[in-house]
Structure formats: C-alpha cells, structure tokens
1. Calculate what fraction, in whole %, of the accessible area of segment 45-105 sits on carbon and sulfur atoms when a 1.4 Å probe is rolled over the protein chains.
2. If you place +1 on the Cβ of every Lys and Arg and -1 on the Cβ of every Asp and Glu, how big does the dipole about the Cα centre of segment 44-151 come out, in debye to the nearest 20?
3. Keeping all protein chains in the complex and leaving out DNA, RNA and ligands, what accessible area do you get for Arg136 with a 1.4 Å probe, in Å² to the nearest 10?
4. Among the Cys residues of the chain, which have no other cysteine Cβ under 4.7 angstrom away?
5. Quick one: accessible area per residue over the chain, 1.4 Å probe, rounded to a whole number of Å²?
6. Starting from the 7 Å offset along Cα-to-Cβ, what nm value, one decimal, do you get for the label separation of Ser75 and Ser208?
7. Do you know the relative contact order of the chain, to the nearest whole percent, from alpha carbon pairs under 8 angstrom that are 6+ apart?
8. Say the cut-off is 27 Å between C-alpha atoms; which of Lys73/Lys313; Lys128/Lys291; Lys107/Lys209; Lys130/Lys237; Lys33/Lys130 go over it?
Amino acid sequence: MNNSSLIILGMHRSGTSATAGMLRCLGVELGKKLYAGHAHINAKGYFEHSDIADTNDEALLALNSAWDDILKKSSNWWESEDLEHYAKKIRHYLRRDFSDTTMWAVKDPRICRLLPWWLNILTEEKIKAKFVFVIRPPEEVYLSLKRRNGFSKEKSYLLWLLHYLEAEYWTRGLSRTFVTFDNLVSDPVYEFSKIEHDLNFNFPISPSKAETCLKQFISKDLIHHNTLLLNNDEQSKLVEYAIVLYNELSSLAKGSQNKLDPVNLDKLRSQVEALQQFPPLLVEQLLGINKIRSNLQLTMNKIMRSRSWMMGKPVRFLERLLGKDV
C-alpha cells in the first residue's frame, strides 16, 4: 500500500476521538464502519474502525488481557501463534478499506497496548505509517474514566502511564509527532499544520482551507473535565510518575523542548514496571480472572455476530417494547 497513513495514539478519554473526527475535515479516510457515539460520553462519535477495534479487543482477549489490564505481559507476547488469526483479519481490513485511498488513519487506544504486534502487521503490508500522539492531563482522564467506568485514581493513572510509555518506546525512531488535546481545541488549524510540518506530508485538504469544518466540529464543550495536575505532598508514586511523563510529552508538543530524553523515559518505565510487581498469589488470581473474562467475552462476540443472533433482533426489540418475553 503506497498511500499515506496515520495511526492516532493516546490513552482512552484523551481526545483521540475528536482528533480522528477532525481528520475527516482534512480529507482523511477512516473506514466504512465506525462506532457510533454515546450521549454525554462521545456524542459526536468515537471514529474508530469497528472491525479493527473489535479485532484489537479480541487480540488482547486471546492474550488473556484487555485494554485496562494492569499486569505485565509475557516476554515477546507479540510473537504468540494465538495472535496470527487476528493479524490476518487486520491485514484484510486494511486492504479492503484503504487500498484505494489517498490518505487514511486508524484510531484506537488499544493499539498503544499492541504496538509491537501492529508494527509487524504494518511491515508485512509494507505500510510506512506516521504516528500522532494526543496528550491529555492524567487527572482529566481519571475524572472521565471515573465517570464512565468507575475506575480508581490509582488504576486510571497506571493505565495512563502504560499507554503512553509503551507507545513512546515502540515508536522511537519512527515518524511521529505529539499534540495536546487542549491545543487542538483552541487552535485546530495551527495544530494540524504542525502535524503536517512534523511528519513531512500534506493532508488532502489543507488545514487552512478546512478551518470552518474544523472549528464547527471542535468545541470547548468536548472537554468535560478540565483540571490542573495534582501537586501536593500526599500524591502517590503513580501520580508523581504521571506528572513527570505528562510534563515531558506536553513540553515537546507545545514546543518548549526539542526532543525527548530516552534515558529518563527508560528510567520511568522501569519505575512503573516496579509498581506492577504484585504478590505472586494476587497475580495468579488476576490471571485466572482475566482468562475467564476473556473466554466469556470471546464467546459473547461470536454469539453476537452469529446469524441466529442477527435473526433474533426483531424478537428482542419486541421484548423490550412490550416489557416481556415474546
């Protein structure tokens, strides 16, 4: 595939959906089937390729993992034969939906947790993708996840760290750029022009020509939580590490520094990995729960895509309408 491609990276609830949505204003293809939004969460849509996002989810489940898994994966997990089936599906969707496009993009935060596997897929398809990191303060992400998923501050901060640390590590040496969500909201034309400059390409429609579309799409009401980073004496190590990483990434995104320091980032990765060293009995218990959860979810996915499930939709609709079994 010789066309231009972008991979949007970032933690869940970090503005990746809004970023992908604005790419449509710039003539970027996102695929034929996209997830619809939910009121009060992502009302304008998630702009995730539903087939690819589902397959990413199933790949994680095949590893007895998930996007919100806080356990360390096994060494070289991306080489597991259990993932080959899902790699074939991803390659099929990329060829099917993007072979004839000028420029396309894929947005799915799960890719942050699957990057070495995805890089192998892109290499096999001879796709030289460019990566756009969307950065949002971890405290804002936590407040959003607390509202949507009921996650604790500790879990939210750890997931924030894992998504960005893993994605940063695996994209070193590749064509990438960093933007902040608040800058995208306040001046989308400038930020997308910066993306063009940093990645050395041009959108099919220039940001200046797409200004009306961009500003109509983006608005400050998309930011449901806007807070300052925590800065107090009682903050946990997770909060401390997240603030360090956020300051590094946002300083680069805002032009306050020219490059990231890999030595400092590797030290931070080691510090976060140390916090993932849970007692063996707890790890055993969590792995068992993950396996059960994964098997149940994979089974449900197969059921919900089966012909019998699709044929039963009218009956289930009547049941909901009448409030009783039909």
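1. Working: 1010 of 2570 Å².
C and S fraction of accessible area: 39 percent.
2. Values: 18 positive and 18 negative charges, 86 e Å.
For segment 44-151, the charge dipole is close to 420 debye.
3. Number for this one is 10 Å².
4. Cys112
5. Numbers: 16670 Å² over 326 residues.
On a per-residue basis, 51 Å².
6. Reported label-point gap for Ser75 and Ser208 is 5.4 nm.
7. Details: 407 pairs, mean separation 76.1, N = 326.
Relative contact order for the chain comes out at 23 percent.
8. Details: Lys73/Lys313 38 Å; Lys128/Lys291 34 Å; Lys107/Lys209 23 Å; Lys130/Lys237 32 Å; Lys33/Lys130 22 Å.
Over 27 Å apart, Cα to Cα: Lys73/Lys313; Lys128/Lys291; Lys130/Lys237.
The values are calculated or read from the model by the stated rules, or taken from the named source; none is laboratory data. The model shown is predicted, which means the values in this text are computed figures rather than measured ones. When we count neighbours, we look across all protein chains shown, and the Cβ atoms used for this are built from the backbone with ideal geometry, even at glycine. Keep in mind that these areas ignore ligands, DNA and RNA; they rest on the heavy atoms of the full protein, side chains included. Shrake-Rupley method; radii C 1.70, N 1.55, O 1.52, S 1.80 Å.
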